[in-house]
Amino acid sequence: MARTLGLTIEKCNVTVIGANAVKTQAKKGVNLTFSSRYCQFQDNISCLISDNPTGRIPSARIETAAWYIPSDLFLADPKFSEPHEIDLVMASNYLGWIVTGVYDPFQQLSCQVVHSNITLKDQLNNAIEKFWLVEELADKQLQTNEEQEVEEHFRGTHGRDESGRFVVQLPFKDTVLELDDNRVQVLRRFNLLERRLSRNPELREQYTAFVEEYEALGHCKEIYYLPEVRKYYLPHHAVLKPSSSSTKLRVVFDASAKADKYSLNDVLKLGPTAQN
């Protein structure tokens, strides 16, 4: 309908919750002016755009010949009893008289009830204003001191090495000095891993191939144990996904494994969220 009317489409991001708590994300909206076909009333409204706001309503034609609807009432949709696609869903306060009742498609019976609804415009405007204040997102999220420090650390330490690979220093907290040697704990986990691999030759072969490729790509290298050097060991384990068409085995490194008081993750500063 927005395209048919040639309306200017604007970007937005609003979550709409419908029947059965189904959530739909509205990414576009329009502002439009509408008016009554029967009087001088008109107003401006903001609308969200949805590919399918609802299905055909009603789903089948309704026989209304036996219904008593006063002839002097002008209906917003004179053909409401015939199935049609829905172009626009509006709040009931714009529609004037509302005719409602119970309809039984099997017995072709209906119970006629007429309601007159009234809404005070000032109260409605206040409610809508509060709604938008709650839903609006700030143009720019304020960064914490730590997030600002990580941004400055990144700008000051990132670069490229001789091979063209990007390199950046880890943004350590002062607590890195309290990061203990976790060799004993990691060796215990590694021995458990070795026993698991020994019981499954196929898994051991895949795991070994990964480690060899990891080393060949330059992501790791063999080092010698130096007791006087501060160090932290990353334990690792296998995660299997047989349903995967490409990688059935992944090796996961656990930087949250604590040495004594801290883990590697604990002594790294947190930067701002990079993605939307």
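The values are calculated or read from the model by the stated rules, or taken from the named source; none is laboratory data. Keep in mind that this is a model prediction, so the values were computed, not measured. Virtual Cβ from ideal backbone geometry, glycine too; neighbours counted across all protein chains shown. When the accessible area is computed, the model is the full protein with side chains, heavy atoms only, and any ligands, DNA or RNA have been set aside. Shrake-Rupley method; radii C 1.70, N 1.55, O 1.52, S 1.80 Å.
Mean sequence separation of contacting Cα pairs (under 8 Å, at least six apart), scaled by the length of the chain, corresponds to a relative contact order of 12 percent. Per residue, the chain reaches -7500 deg cm²/dmol at 222 nm when only DSSP H runs of four or more residues are counted, each adding -39500 (n - 2.57).
With an a/c value of 1.5 or above and a/b larger than b/c for the gyration tensor axes a ≥ b ≥ c computed over the alpha-carbon atoms, region 145-276 is described as prolate. Net charge near Ser36: determine it from the other residues with C-beta under 15 Å of the C-beta of Ser36, scoring Lys and Arg +1 and Asp and Glu -1. Summing Lys/Arg as +1 and Asp/Glu as -1 gives -1.
Counting only residues at least eight positions apart within a chain, or on another chain, the lysines with an alpha carbon under 25 Å from that of Lys261 are Lys173, Lys231, Lys269.
Each Lys or Arg adds one and each Asp or Glu takes one away; over the other residues whose Cβ falls under 14 Å from the Cβ of Pro201, this sums to +1. Taking the protein heavy atoms of the chain in the context of the full set of protein chains, the accessible area attributed to carbon and sulfur is 53 percent at 1.4 Å. Between the DSSP loop rule and a limit of at most 13 other Cβ atoms within 10 Å, which trypsin sites (Lys or Arg not before Pro) in region 1-50 are left? Here the sparse-neighbourhood loop sites are Arg37.
Among the chymotrypsin sites (Phe, Trp or Tyr not before Pro) found in region 198-236, those both in a DSSP coil and sparsely packed, with 13 or fewer other Cβ atoms within 10 Å of their Cβ, are Tyr224, Tyr225.
Taking the charge dipole of region 125-276 about its Cα centre, with +1 at Lys and Arg Cβ atoms and -1 at Asp and Glu Cβ atoms, the residue from Pro242, Val229, Gly218 reaching farthest to the positive side is Pro242. Just how much of Phe190 is accessible, in Å², when a 1.4 Å probe is used and the result is rounded to the nearest 10? Here the residue's solvent-accessible area equals roughly 80 Å². Ligands, DNA and RNA aside, Ile69 has an accessible area near 50 Å² when probed at 1.4 Å. Share of pairwise Cα-Cα distances greater than 26 Å in the chain is 69 percent (whole percent). Shown are Ser81, Ser71, whose ranking by accessible area with a 1.4 Å probe and every protein chain present, most to least, is Ser71, Ser81.
Counting only protein heavy atoms and using a 1.4 Å probe, the accessible area of Glu152 comes to about 110 Å².
Counting charges near Ile9 (Lys, Arg +1; Asp, Glu -1) among other residues having Cβ under 9 Å from its Cβ returns a value of +2.
For the chain, the longest principal axis of the Cα atoms and the long axis of helix 183-198 meet at an angle of about 80 degrees.
Would you list, by chain and number, the aspartates and glutamates whose Cα falls below 12 Å from the Cα of Lys79, excluding same-chain residues fewer than 8 positions away? Output for Lys79: Glu63.
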